[in-house]
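Student: Structure in structure tokens, see below.
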Amino acid sequence: MRNRVDVALVKPLAQMQTHRFSRERPPPRERRVRVLQTTASLDDSGRAFVPFVVDVRFGSEWREDIAGCVYKGSGSIFVKKGDAYRPAAFLLGKKADPVAGVCEATAARS
């Protein structure tokens, strides 16, 4: 899962964010992907996903930058923006509307 997020999200973001003599904030010096669970959770549709966080480092300290999840079967990646999850392509400049019910674990049923 970590490799999927790195290839499909982190590396394309790094390529997009090159700093060229502008007033915008320079890109982070380094990014890393942390998988938050060793076992997958299931959403309401019964699909398995694993949550992750992308941390960035500008100086010496790491801070959380992007939270999201990756689905095990399809490899689809969603990122959190506000209270909703959108396809990761949203961060790469593509129009993507929020998707209801993704990255939300079902409540334990008794």
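Here, each number is a calculation from the coordinates, and none is a lab measurement. The shown structure was predicted, so the numbers you read here are calculated from the model rather than taken from an experiment. Neighbour counts are summed over all protein chains in view; Cβ atoms, including those assigned to glycine, are modelled from backbone coordinates with ideal geometry.
Student: In sequence order, what are the phi-derived ³J(HN,Hα) couplings for the range 2-8 according to the Karplus relation 6.51 cos²θ - 1.76 cosθ + 1.60 with θ = phi - 60°, rounded to whole Hz, with x for glycine and proline?
Tutor: Rounded to whole hertz, the list is 4, 5, 4, 5, 4, 6, 8.
Student: Report the net charge of residues surrounding Val53, where surrounding means a beta-carbon distance below 12 angstrom and charges are Lys +1, Arg +1, Asp -1, Glu -1.
Tutor: Details: positive: Arg2, Arg31, Arg32, Arg34, Arg63, Lys80; negative: Asp55, Glu64, Asp65.
Around Val53, the surrounding residues sum to +3.
Student: Right, next: For the range 5-110, what does the equivalent ellipsoid look like in terms of its semi-axes, each the square root of 5 times an eigenvalue of the Cα gyration tensor, given largest first in whole Å? Intermediate results must be reported in sequence, preceding the final value.
Tutor: Numbers: eigenvalues 159, 46, 26 Å².
Three semi-axes, in Å: 28, 15, 11.
Student: Please work out the Cα convex hull volume for the range 58-110 and give it in Å³ per residue.
Tutor: Working: hull volume 7.5 nm³, N = 53.
Looking at the range 58-110, the number lands at 141 Å³ per residue.
Student: Search the structure for amide H atoms under 5 Å from the amide H of Cys103, placed 1.01 Å from N in the peptide plane, and list their residues when 5 or more places away or on another chain.
Tutor: Counting only residues 5 or more places away or on other chains, the set is empty.
Student: At 0.36 nm per residue, minus the direct Cα-Cα distance, what do Ala84 and Asp97 gain on full extension? Give it in nm, one decimal, please.
Tutor: Working: separation 13, 0.36 × 13 = 4.68 nm, distance 0.93 nm.
Stretched out fully, the Ala84 to Asp97 stretch lengthens by 3.7 nm.
Student: Peptides 63-70, 34-41, 7-14: what's the order by average Cβ count within 10 Å, highest mean first?
Tutor: Details: 63-70: 18.0, 34-41: 12.0, 7-14: 15.8.
Going from most to least packed, we get 63-70, 7-14, 34-41.
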